[in-house]
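Please read the structure below before turning to the comments.
The values are calculated or read from the model by the stated rules, or taken from the named source; none is laboratory data. Values in this document were obtained by computation on a predicted structure and should not be read as measured data. Here the Cβ positions follow ideal geometry from the backbone for every residue, glycine too, while neighbour counts run over all protein chains shown. Only protein heavy atoms, including side chains, enter the accessible area calculation; ligands, DNA and RNA are left aside. Shrake-Rupley method; radii C 1.70, N 1.55, O 1.52, S 1.80 Å.
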Amino acid sequence: MNTRWKLAAVLGGILFSALPGSRTSLADTPSAGEPGVWQKHEYSFTFMGFTSTYSCDGLASKLRLLLIASGARHDAKARAGACASGFGRPDKFARADLTFYTLALGQTDAVSGATPVDGIWRPVSLADRSPRELSTGDCELVDQFRTAVLPMFTTRNIDNHTTCVPHQISGSVINLKFESLSAPSLPRTAQAQQGGS
């Protein structure tokens with residue numbers, strides 16, 4: 001009788017693990033120590049939105065925020081592009097030039113000689129006030145960032161429920177979640193030393 005219960009428990013466990021939504025694959029669990037190499041990206045971003053208007057320097061600031069939040073290396077640069085309006089003035093076609101590094105899966109590249117870095121899959125959630133400086137008015141910016149810049153990152157498990165209503169903030173929702181291959185966070189003293197070199 002005792003053997004029957006054990007067999008039933010084992011079979012029940014196997015059947016339960018086969019149910020949709022109850023499975024956890026290795027790809028779904030965060031992992032540490034995956035080798036990656038830094039890849040440099042340069043991109044000229046022109047904002048094309050209907051609801052919000054940015055100054056070129058304001059756009060650059062928001063884009064740097066999104067780059068760092070998405071897992072770019074902390075030395076990411078976003079510079080105001082050539083704009084018709086002056087510094088701090090809203091521009092319908094605000095531009096920013098981005099230079100940043102993302103971690104890509106792989107070993108040392110024989111051509112570039114890049115040293116591999118231990119990467120981790122870090123969960124990222126972009127929403128209203130996450131990061132703190134992001135608001136619902138940035139909905140179209142986040143959506144454009146997702147389509148134009150996020151593909152330059154090594155990501156997985158992208159879950160996008162962002163909805164932007166043109167010409168109004170009411171009804172717009174920023175809800176973008178994904179995992180990004182990133183370098184482990186450095187202590188503040190190590191970041192300061194790295195920034196100085």
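Grab the strands (runs of 3 or more DSSP E) fully contained in the range 104-197, keeping just those with 2 or more residues being under 21 Å from SER61 (Cα atoms) and at pLDDT 90 or above. Reasoning before the result, please.
Details: elements: 117-127, 155-160, 175-182.
The qualifying strands (runs of 3 or more DSSP E) are 117-127, 175-182.
Return the residues of the range 139-171 that are touching a Ser or Thr at 6+ places or on another chain (Cβ under 8 Å), of a type in the set (Asp, Glu) and open to solvent by 40 Å² or more (accessible area, probe 1.4 Å); say none if nothing qualifies.
Passing the criteria: only ASP143.
Just give me the residues in the range 90-103 being open to solvent by 40 Å² or more (accessible area, probe 1.4 Å), at pLDDT below 95 and not in a loop (DSSP other than H, G, I, E, B), in sequence order.
ARG95
Of the numbered conditions (1) open to solvent by less than 60 Å² (accessible area, probe 1.4 Å); (2) at pLDDT below 90; (3) aromatic (Phe, Trp, Tyr), PHE87 fails exactly one; give the number of that condition.
(1)
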